1. Do any residues in the range 247-269 that are at pLDDT below 95 have Cβ atoms under 6 Å from those of residues that are surrounded by fewer than 21 Cβ atoms within 10 Å (Cβ to Cβ) and polar (S, T, N, Q), where the two are at least six apart or on different chains, and which pairs are they?
2. What about SER599, is it under 24 Å from LEU473 (Cα atoms), touching a helix residue (DSSP H, G or I) at 6+ places or on another chain (Cβ under 9 Å) and among the hydroxyl-bearing types (Ser, Thr, Tyr)?
3. I need the full set of residues from the range 280-302 which are crowded, with 23+ Cβ neighbours inside 10 Å and under 17 Å from GLY50 (Cβ atoms), in order please.
4. Scan the range 143-160 and tell me whether some residue there is touching a Leu at 6+ places or on another chain (Cβ under 9 Å), part of a helix (DSSP H, G or I) and at pLDDT 90 or above.
5. Just wondering, is there one or more residues in the range 436-452 that are surrounded by 13 or more Cβ atoms within 10 Å (Cβ to Cβ), modelled with pLDDT under 85, assigned to a helix (DSSP H, G or I) and of a type outside the set (S, T, N, Q)?
6. Quick one: in the range 501-527, which of the residues that are surrounded by fewer than 24 Cβ atoms within 10 Å (Cβ to Cβ), not aliphatic (A, V, I, L, M) and not in a helix (DSSP H, G or I) is nearest to the ligand (Cβ to nearest atom)?
7. For a quick check of your reading of the model, give me the residue pairs whose first member lies in the range 497-519 and is under 11 Å from GLU475 (Cα atoms), whose second is charged (D, E, K, R), with beta-carbon atoms closer than 6 Å and at least 6 apart or on different chains.
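The values are calculated or read from the model by the stated rules, or taken from the named source; none is laboratory data. Just so you know, these numbers come straight off a predicted model, no measurement behind them. No Cβ is skipped: glycine too gets one built from the backbone with ideal geometry, and neighbour counts run over all protein chains shown.
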Amino acid sequence: MVAMDLVIRLFVCLLVWAIIPSELARGAQSREIKRVLILNSFGQDFRPWGAYAKAIRENLERLSPWQIDLRDHSLVSARSGGEKPELPFIDYLTALYSEHPPDIVIAIGAPASNFVQHNRQRLFIGIPLILSAVEQRRVQLSNLPDNETIIAVSHDFHLSFETILRVLPETKRIVVVNGTSPNEKFWLGELRKDAAAFNKKVEFIWTDDIPFQQFLEKSETLPANTAIFWHLMNVDAAGISYEGNNALRQLHEVSNAPIFSYDDGFFGNDIVGGPMYSVLEISRLTAAVAVRILNGERPRDIRPAAIKYAGPKFDWREMQRWGIRESNLPPGSKILFREPGIWEKYSVSLSLITIVILIQGGLISGLLRERHRRRLAEVESRKRLVELAHLNRHSTVGELTASITHELNQPLGSILTNAETAELMLTSSSPDLGQLREIIADIRRDDQRASEVIRRLRSVLRKTPFEMKCIDLNETVRQVIGFITAMSRARNIILRCVTTSVDLTVKGDAVQLQQVVLNLIVNAVEAISEADSSEREVSVTTNLSDDIAEISISDTGPGIAAGDLKSVFNPFFTTKPQGVGMGLAIVRTIVEAHQGHVSAANLSSGGALFVIRLPSARGRSILT
Ligand code: ADP
């Protein structure tokens, strides 16, 4: 155990010994300041180098373990050329950095690189130098001193022109935009050389001899099938310098032709795209090389190969504007700034709307199905009601058989007596023809009475489908009274009927409403009969109150037991020994099927009172 403990302690000591010094060193390193001087070719914001300077600065700060003291200067003389302004600039820089010389100098672009290289005997002697973003044709690569290195690039205008013709095969003309500074003049020659290979396919138009503003005007009305190749516009034919992206932006705003370029420092708003230098790639490499040199490596040992164009990339918005098909792009092309389609843009809202519509659709179809089922159920229940009511009518008529028989027997008996009397009269030699005529008239009247009884009976017993029509409730009541009179008379009961003089039209089924009145009157007659009351009267009245048609049926019977008032309308509720208990249940079902209401109560005088309330057709028409 002791041995084990010793081993662990030894291991920990070794670890501390190994880690702490390097951490201390790193801490010390991070406190150290490294002075970096960036030399711009034209100005801090001249394209494309302004973009490189910015990205190199960002990457240096990101990669460097030291604190970076970064300063930059611009070679203003590069705009017009000439060595005269260079001399005071050299003196200025020498004076500025005599006390604290930079640890490294980074020249961006060919003009700045050429300037430092030419004046190396007087400027930044012995200080490491990186020439960055310089086309290899613009510097002497063969005899670079040991403390200089280069992040070179390799222009390929041939590929740029080829790309234009590939993505827009109809192109007949390429306008090359290029300025007049010494650097731009150099490139004009190179551009013309590369363009020569395409002379048979397209016409090249060179703009270097006209001021940029003049070209802008012309660019508004370029002939169809023209493309613009944007090289540089640092200084135009009028000697005007163009900083930032202003020149390109102006051209993009007015030009009627698509613009291509070779450097993605110009990409992002105004140009279509193609194979281009990647500002990020070149800047990252420059910063990484600078850090290695600051860390003690010799510049001559870090000389990467010239950087070529990165993979082609295109601006989707420009492709849309100029009708460039995706299938025309070179293989491996990236499409950027693709505007999301309506689905991608509003996917959440659209999904929610779709879900809501689906739910709504589901609810609507569910409700429709429910309505359909309810309709079917209603139709079915009406059919059942019709059948039940028909059965109920049969049983009511059964109860009325005695009085119906009596009612039929009376005219039939009279007919027989009158017929026999007529026969006797005809046996005499001189029958009284006047009397015979009277007898025959009596026979006809009695026959009509009997026919009327049968007609009423048939009308009650007929089975008809439920049919809503405008019917006169007064007439319905009168018909039932006519039918039931014989029965009440047979039972020695007075049937009083007082119908209102106002129109009592309701919408309903005539046969079923007849049955309602019939059931209530039959019940009243039976109640009086069973109770053997001394006062024997059933009164039926009709009335119209607030557009509600009312039929009241009261009797002088014993009334309904207080405890039964709530149950009398329940199916199978009966207090009669032979009763079925369906009469009032059917009454309530029929009345409610007519959107009406029926109530039962006891009169203070002792009998029962039933009131039927139905919406009058007049009231309905007012409502609807
Ligand atoms: P049923 O006549 O076969 O008994 P109903 O449904 O027609 O069936 O009547 C149910 C019950 O209501 C009756 O048994 C009776 O007790 C009571 N009833 C109905 N009408 C009257 C009335 N006018 N007076 C007293 N009781 C009544």
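1. ASP264/SER278
2. no
3. Of the residues in the range 280-302, the ones crowded, with 23+ Cβ neighbours inside 10 Å are 282-283, 286-287, 289-290.
Of everything in the range 280-302, those that are crowded, with 23+ Cβ neighbours inside 10 Å and under 17 Å from GLY50 (Cβ atoms) turn out to be ILE282, SER283, THR286, ALA287.
4. yes
5. yes
6. Ranking the candidates gives ASP509 first.
7. Within 6 Å, the pairs are THR505/ASP472.
Okay, residues lined up against (1) in contact with a helix residue (DSSP H, G or I) (Cβ under 6 Å, 6 or more places away or on another chain); (2) surrounded by fewer than 20 Cβ atoms within 10 Å (Cβ to Cβ):
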{"position": "ARG137", "(1), (2)": "no, yes"}
{"position": "ASN143", "(1), (2)": "no, yes"}
{"position": "VAL153", "(1), (2)": "no, no"}
{"position": "HIS158", "(1), (2)": "yes, yes"}
{"position": "ILE164", "(1), (2)": "no, no"}
{"position": "VAL167", "(1), (2)": "yes, no"}
{"position": "LYS193", "(1), (2)": "no, yes"}
{"position": "ALA196", "(1), (2)": "no, yes"}
{"position": "GLU203", "(1), (2)": "no, yes"}
